[in-house]
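All remarks here apply to the structure that follows.
Read the figures in this text as sums done on the coordinates, not as results from a lab. Every value quoted in this text rests on a predicted model; they were computed, and no experiment measured them. So basically every Cβ, Gly included, is an ideal-geometry build from the backbone, and we count neighbours across all protein chains shown.
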Number of protein chains: 2
Amino acid sequence: MTTAHDEDAIRQLIGTLADAVRAKDLDGMARIFAPDIVSYDVEPPLRHVGAEAKAANWARVFAAYTQLDYEVRDLTITVGGDVAFVRSLNRLSGTVAGRQTGTWVRWTGCFRKTDGSWLIAHDHVSVPLDMASGKALLDLEP
Amino acid sequence: MTTAHDEDAIRQLIGTLADAVRAKDLDGMARIFAPDIVSYDVEPPLRHVGAEAKAANWARVFAAYTQLDYEVRDLTITVGGDVAFVRSLNRLSGTVAGRQTGTWVRWTGCFRKTDGSWLIAHDHVSVPLDMASGKALLDLEP
């Protein structure tokens, strides 16, 4: 299998993830996370351990939004053997309590290939902070 | 070169990075970042492009602190060919304006090996946010 083939497989997986977000499809999403994923996610605690914890974070998002869209921009994929990392800016947008909202987050996804299948073994999702005010910056644009 | 050898090399590089932070040694640190690094760093903007931008972020930290310590905890290294990713919880602590301060951040480092040398091609540093208040959470403990 070539690196280009692996890049395609990973790009397709990320498309599946975005589709699953839009469809609020937790089962579809769960197939992309390694069982032992460690996620540094937007909300506390510092780290979320295991695919169930990661799914619970998405379940909270799905409950908050009546309608959801998910855009993945500037995706860069780097593959080496059975390990890969990707980065992109992702915009989660939709309707929360009747109000239209949207936030760009930074996403780093770290993949491992096991038995021919790529899974996310670690990811990191965040917004920057304003050091002076201590506020998270939820309205930055790329 | 074996994977174990690569892991050792990356672990050593991260040790060099921590030493450079403690010594406020920008030159020592600059040798670890790829010239085309893209960093999702603690402060805005969403992404910092290039080793100079990354060094400028550290220069701001060095200017703010009169004394600095840097702890790297729970470091996990995953290597595949010429690509690797690492994650850890890092505590930056020291004295700012006469006051003792310290914050745990989540760190994801993504490495590429070029001409036999590992460099950080992408990294991501953040703290979680409290969605209700919009505040960045600077006092979480692992």
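When you look at the Cβ of every residue in A:102-111, what mean number of other chain Cβ atoms sits within 10 Å?
Per-residue shielding by partner chains comes out at 4.
Compute the distance in nm between two label points, each set 7 Å from the Cα along the Cα-to-Cβ direction, one at B:Ala53 and one at A:Asn57.
The answer from the label model is 2.3 nm.
Given the options B:Pro35, B:Ala63, B:Gly109, identify the residue whose Cα lies farthest towards the positive end of the charge dipole of chain B (+1 on Cβ of Lys, Arg; -1 on Cβ of Asp, Glu).
B:Ala63
Quick one: Cα centre-to-centre distance for region B:27-50 and region A:95-142, in angstrom?
For region B:27-50 versus region A:95-142, the Cα centre distance is 18 Å.
Which of A:Arg60, B:Arg99 has the fewest other C-beta atoms within 10 Å, and how do the rest follow up to the most?
B:Arg99, A:Arg60
What angle do you read, to the nearest 10 degrees and between 0 and 90, between the alpha-carbon axis of helix A:51-64 and the longest principal axis of chain A?
With both axes taken from Cα atoms, the answer is about 40 degrees.
Under 14 Å from a point 7 Å along the Cα-to-Cβ line of B:Thr95: which residues of region B:50-74 have their amide N that close?
Hits in region B:50-74 for B:Thr95 at 14 Å: B:64-69.
Kirkwood Rh, the protein assembly as shown, all Cα pairs: how many Å?
19.4
Taking K and R as +1 and D and E as -1, what net charge do the other residues with C-beta under 14 Å from the C-beta of B:Val49 add up to? Spell out each step's value before the answer.
On the way: positive: A:Arg87, A:Arg106, B:Arg47, B:Lys54; negative: A:Asp74, B:Asp36, B:Asp41, B:Glu52, B:Asp123.
Every neighbour counted, the sum reads -1.
What is the order of A:His48, A:His124, fewest Cβ neighbours within 10 Å to most?
By the 10 Å Cβ count, ascending, the order reads A:His48, A:His124.
May I ask what percent, to the nearest 5, of DSSP beta bridges between residues of the protein assembly as shown are antiparallel?
Details: 81 of 89 bridges.
Percentage antiparallel, nearest 5: 90.
For region B:3-136, what relative contact order do you get, as a whole percent, if you take Cα pairs closer than 8 Å and at least 6 residues apart? Let's see the in-between values first.
On the way: 240 pairs, mean separation 30.0, N = 134.
Relative contact order of region B:3-136: 22 percent.
Evaluate the distance, in nm, between pseudo-label points positioned 7 Å from the Cα of A:Leu140 and of B:Ala30 along their respective Cα→Cβ axes.
2.4
Just for chain A, what percent of DSSP beta bridges are antiparallel, to the closest 5?
In chain A, approximately 90 percent of DSSP beta bridges are antiparallel ones.
Put one equal scatterer on each alpha carbon of region B:17-142, apply the Debye formula with no solvent term, and list log10 I(q)/I(0) at q = 0.12, 0.13 1/Å to two decimals.
-0.47, -0.55
Relative to the first principal axis of the alpha-carbon coordinates of chain B, what is the inclination of helix B:3-22, with its axis defined by its Cα atoms, in degrees from 0 to 90 and to the nearest 10?
It works out to around 30 degrees.
Over the whole of B:48-56, what's the average partner chain Cβ count within 10 Å per residue? Rounded to a whole number, please.
Whole-number average of other-chain Cβ neighbours for B:48-56 is 0.
As a test of the formula, what do you get for the protein assembly as shown when each DSSP H run with n ≥ 4 contributes -39,500 (n - 2.57) and the sum is divided by the residue count, at 222 nm and rounded to the nearest 500 deg cm²/dmol?
Value at 222 nm, helices only, nearest 500: -8500 deg cm²/dmol.
Pop a pseudo-label 7 angstrom from the Cα along the beta-carbon direction at both B:Met131 and A:Thr103 and give the gap in nm to one decimal.
Distance between the two pseudo-spin positions: 0.8 nm.
Calculate the mean, over all residues of peptide A:27-40, of how many other protein chain Cβ atoms lie within 10 angstrom of the residue's Cβ.
Partner Cβ neighbours, averaged per residue: 1.
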